[in-house]
Amino acid sequence: MLHLKGETVLYPLPKEERIQRYERYWGVRFPDDYREFLKTYNGAEPVEKSFEAIGHLFALTRFFCVLEDYKERDEGWYDLMVVEAPMTEFLTRDPDSTAVELAPIGEVFGECFLCLDYRQDPEH
(Lines give C-alpha, C1' and ligand atoms only; values in the text may rest on other atoms or scores of the structure.)
Protein backbone atom coordinates (compact mmCIF):
# COMPACT_ATOMS: atom_id res chain seq x y z
CA MET A 1 0.00 0.00 0.00
CA LEU A 2 1.24 3.46 -0.88
CA HIS A 3 1.63 5.92 1.99
CA LEU A 4 2.03 9.61 1.17
CA LYS A 5 3.25 12.59 3.18
CA GLY A 6 0.13 14.69 3.67
CA GLU A 7 2.11 17.89 4.12
CA THR A 8 3.54 17.52 0.60
CA VAL A 9 0.16 17.61 -1.20
CA LEU A 10 0.03 20.73 -3.38
CA TYR A 11 -3.05 22.93 -3.08
CA PRO A 12 -5.36 23.93 -4.54
CA LEU A 13 -6.23 20.42 -5.67
CA PRO A 14 -7.01 20.25 -9.39
CA LYS A 15 -10.58 20.21 -10.60
CA GLU A 16 -11.87 17.95 -13.37
CA GLU A 17 -11.65 20.69 -16.03
CA ARG A 18 -7.95 21.25 -15.34
CA ILE A 19 -7.16 17.54 -15.56
CA GLN A 20 -9.07 17.32 -18.86
CA ARG A 21 -6.95 20.18 -20.22
CA TYR A 22 -3.82 18.14 -19.55
CA GLU A 23 -5.37 15.08 -21.16
CA ARG A 24 -6.20 17.07 -24.29
CA TYR A 25 -2.67 18.48 -24.35
CA TRP A 26 -1.13 15.00 -24.16
CA GLY A 27 -3.75 13.31 -26.34
CA VAL A 28 -4.58 10.61 -23.76
CA ARG A 29 -7.20 9.75 -21.15
CA PHE A 30 -5.84 9.24 -17.65
CA PRO A 31 -7.13 6.17 -15.80
CA ASP A 32 -9.96 6.98 -13.40
CA ASP A 33 -7.90 5.99 -10.36
CA TYR A 34 -5.06 8.34 -11.42
CA ARG A 35 -7.55 11.18 -11.96
CA GLU A 36 -8.82 10.63 -8.39
CA PHE A 37 -5.24 10.43 -7.15
CA LEU A 38 -4.52 13.88 -8.60
CA LYS A 39 -7.67 15.31 -7.04
CA THR A 40 -6.63 13.99 -3.63
CA TYR A 41 -2.81 13.79 -3.50
CA ASN A 42 -1.64 16.30 -6.11
CA GLY A 43 2.18 16.23 -6.23
CA ALA A 44 2.64 14.31 -2.98
CA GLU A 45 5.82 12.58 -1.90
CA PRO A 46 5.69 8.93 -0.82
CA VAL A 47 6.73 8.03 2.74
CA GLU A 48 8.42 4.82 1.57
CA LYS A 49 10.33 5.82 -1.53
CA SER A 50 11.71 2.50 -2.73
CA PHE A 51 9.90 0.05 -4.99
CA GLU A 52 10.93 -2.92 -7.08
CA ALA A 53 10.14 -3.27 -10.79
CA ILE A 54 11.67 -5.26 -13.65
CA GLY A 55 14.12 -6.83 -11.23
CA HIS A 56 15.57 -3.52 -9.99
CA LEU A 57 15.09 -1.34 -6.93
CA PHE A 58 14.02 2.27 -7.62
CA ALA A 59 13.39 5.34 -5.45
CA LEU A 60 10.30 7.42 -6.23
CA THR A 61 11.05 11.01 -5.21
CA ARG A 62 7.56 12.46 -5.75
CA PHE A 63 4.53 12.42 -7.98
CA PHE A 64 3.99 15.21 -10.46
CA CYS A 65 1.15 17.68 -10.03
CA VAL A 66 -1.43 19.77 -11.82
CA LEU A 67 -1.14 23.46 -10.89
CA GLU A 68 -3.27 26.45 -11.84
CA ASP A 69 -0.17 28.53 -12.60
CA TYR A 70 3.13 26.69 -12.47
CA LYS A 71 5.07 29.94 -12.98
CA GLU A 72 3.85 31.26 -9.63
CA ARG A 73 4.96 28.27 -7.54
CA ASP A 74 8.33 27.00 -6.34
CA GLU A 75 7.02 23.51 -7.11
CA GLY A 76 6.14 24.58 -10.67
CA TRP A 77 8.75 22.40 -12.30
CA TYR A 78 6.81 19.35 -10.99
CA ASP A 79 3.76 20.35 -13.04
CA LEU A 80 2.80 17.71 -15.63
CA MET A 81 3.02 20.13 -18.57
CA VAL A 82 6.39 21.49 -17.48
CA VAL A 83 7.83 18.00 -17.03
CA GLU A 84 6.60 16.87 -20.45
CA ALA A 85 7.89 19.82 -22.47
CA PRO A 86 11.66 19.13 -22.54
CA MET A 87 11.29 15.42 -23.23
CA THR A 88 8.51 15.30 -25.81
CA GLU A 89 10.75 13.52 -28.31
CA PHE A 90 11.23 10.63 -25.87
CA LEU A 91 7.52 10.16 -25.14
CA THR A 92 6.33 9.11 -28.60
CA ARG A 93 7.67 7.27 -31.62
CA ASP A 94 5.74 9.50 -34.05
CA PRO A 95 7.44 12.91 -34.40
CA ASP A 96 4.34 14.32 -36.15
CA SER A 97 1.98 13.36 -33.31
CA THR A 98 1.18 15.57 -30.33
CA ALA A 99 -0.09 12.56 -28.36
CA VAL A 100 2.30 10.89 -25.95
CA GLU A 101 2.82 7.17 -25.63
CA LEU A 102 4.49 7.46 -22.23
CA ALA A 103 3.06 9.96 -19.75
CA PRO A 104 5.44 10.81 -16.88
CA ILE A 105 3.59 10.95 -13.54
CA GLY A 106 6.46 10.79 -11.05
CA GLU A 107 10.13 11.47 -10.56
CA VAL A 108 12.37 8.49 -9.89
CA PHE A 109 15.83 9.07 -8.42
CA GLY A 110 18.54 9.08 -11.09
CA GLU A 111 16.79 11.28 -13.67
CA CYS A 112 14.20 8.64 -14.49
CA PHE A 113 10.42 8.83 -14.56
CA LEU A 114 7.47 6.73 -13.51
CA CYS A 115 5.16 6.69 -16.56
CA LEU A 116 1.73 5.62 -17.69
CA ASP A 117 2.20 3.50 -20.81
CA TYR A 118 -0.16 4.34 -23.71
CA ARG A 119 1.70 2.50 -26.45
CA GLN A 120 -1.15 0.02 -26.94
CA ASP A 121 -4.08 2.42 -26.57
CA PRO A 122 -4.40 6.17 -25.76
CA GLU A 123 -7.61 5.42 -23.85
CA HIS A 124 -6.09 2.86 -21.43
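The values are calculated or read from the model by the stated rules, or taken from the named source; none is laboratory data. Computed from a prediction, not measured in an experiment: that's the story for all the values here. Backbone-built Cβ (ideal geometry, glycine too); neighbour counts: all protein chains shown. For accessibility, only protein heavy atoms count, side chains too; no ligands or nucleic acids. Shrake-Rupley method; radii C 1.70, N 1.55, O 1.52, S 1.80 Å.
Quick notes on this structure:
- Sum of side-chain charges, PRO31 neighbourhood, beta-carbon under 14 Å (Lys, Arg +1; Asp, Glu -1): -4
- Only Lys, Arg, Asp and Glu carry charge here, each on its Cβ (+1 for the first two, -1 for the last two); on that basis the stretch 1-81 has a dipole of about 160 debye about its Cα centre.
- Size of the stretch 46-85: Rg and Dmax of its alpha carbons, in Å, are 13.1, 39.
- Within the accessible area of the chain (1.4 Å probe), percent carbon and sulfur: 54
- Förster radius 25 Å - calculated FRET efficiency between ARG21 and ARG119 (Cβ-Cβ, nearest 0.05): 0.60
- Principal axis extents of the C-alpha atoms in the stretch 1-63 (largest first, rounded to whole Å): 35, 28, 17.
- Antiparallel DSSP beta bridges within the chain, percent to nearest 5: 95
- Charge sum, other residues only, whose C-beta stays under 9 Å from GLY43's C-beta, Lys/Arg counted +1 and Asp/Glu -1: -2
- Scanning the chain for trypsin sites (Lys or Arg not before Pro) in DSSP loops with at most 10 neighbouring Cβ atoms within 10 Å leaves 1-92 as the longest stretch between them.
- Difference of contour (0.36 nm per residue) and Cα-Cα distance, LEU57 to LEU13: 12.8 nm
- Whole-number D in µm²/s for the chain (Stokes-Einstein; Kirkwood sum over Cα pairs; 37 °C, 0.692 mPa s): 220
- In nm, spacing of pseudo-spin labels at GLU72 and CYS112 (7 Å Cα→C-beta vector): 3.6
- The GluC sites (Glu not before Pro) of the stretch 18-64 that DSSP puts in a loop, and whose beta carbon has at most 15 other beta carbons within 10 Å, are GLU48.
- Positive-end residue, the stretch 14-74 charge dipole about Cα centroid, Cβ charges, pick of HIS56, GLY27, TYR70: GLY27
- Calculated [222 nm] ellipticity per residue, helices only, for the chain: -6500 deg cm²/dmol; basis is -39500 (n - 2.57) per DSSP H run with n ≥ 4, divided by all residues, nearest 500.
- Residues with amide H under 5 Å from that of LEU4, placed H, sequence gap 5 or more: VAL47
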